[in-house]
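Down below is the structure, laid out as structure tokens.
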Amino acid sequence: MFNNVTIVGVGLIGGSFALALKEKGFAKHIIGVTNTKATEEKALELGIIDEALPLEEAVSKSDLIYVAIPVDVTIPVMQQIMKIVTDKQIVVDAGSTKLALCKALSNYPTRKRFVATHPMWGTEYSGPEAAVKDGFAGRACVICEKEKSDPEAVKIIENIYSSLGMNLVYMDAEPHDVHAAYVSHISHITSFALANTVLEKEREEDAIFELAGGGFESTVRLAKSSPAMWASTSIPGGSIRPRRQRCRPNTRARIDRPARHHAPRPAGDRRCGSRIAAAAGPSLRGGAREPGTARAVGLRRPKVWA
């Protein structure tokens, strides 16, 4: 058991990991590092974390540091952490791309205390409210560059993920990013692309929403995911970038559109998502849900990280 665990980014993955650690008895005290006061207050209210501290103070007090934030901000935050950790602490990330991060941390003296992981689980929801204690069960967790981490650190993290019911897979960073792109990231891009196409069409044809049924609802479900997170995963240094560069200019522009379409718009702008959410059924409208599951929400403006 760890005396103190720091969770950097108390959203869906970080919050769920915190809840699971508590339930399984792996942590006595959980410290949260958040990017907004609202997230901090909600995580405390829900009992996901026991206290909230600034990054450096939290790291200095912790035995385990778990980083679960969008990949475009993971590298600078991880670099801050690696400068201050000791050989008695363990640092783990949960990001969905690994090559750029592993390269960025390769020359740090404390590199062996870092274990690169990707729990292959998630939903379209975000924030502390989305956290669930049993979300990892039955899912795969990839551990990258295992040989570059201390065996003792790897064994501890393997034990935690296995205790959460995850199936462990071992890969190098680059093939991980390629495979993750095909089985996860591309599906999010296509969902955003369909939602954006319909949002554009909405300006011209009101009748389009009268035709939307179950197929549309299922296909655009992933478009409720945080656009800030998925844009960073897919484009700048993420898993899609190498394949994107080989596309024709108009195709690259289409891939880039999700982040632009989710920029803030004036009140009353019909493209803001209310009507597409209504047409897409309960899962986009915020309808009924089972206890303990995340609150359903419509398309909304992005935030950087929890």
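Points worth noting:
- Protection proxy ranking of 93-99, 61-67, 170-176, by the mean of other Cβ atoms within 10 Å over each peptide's residues and highest first, is 93-99, 61-67, 170-176.
- Inverse of mean 1/r across different Cα pairs in segment 2-173, Kirkwood, Å: 15.6
- Distance between the 7 Å Cα→Cβ label points at ASN107 and GLU147: 2.2 nm.
- Extension gain, HIS179 back to SER163 (0.36 nm per residue minus Cα-Cα distance, nm): 3.3 nm
- Gyration tensor verdict on segment 1-61 (Cα atoms; rounded if a/c is under 1.5, prolate if a/b is larger than b/c, oblate otherwise): oblate
- For LYS37 and SER60, the difference between the fully extended length at 0.36 nm per residue and the C-alpha to C-alpha distance is 6.2 nm.
Values in this text are rule-based calculations from the coordinates and carry no lab data. Note that the structure is a prediction, hence the values are computed from the model and not measured. Because the Cβ atoms are built from the backbone with ideal geometry, glycine has one as well, and the counts that use them run over all protein chains shown.
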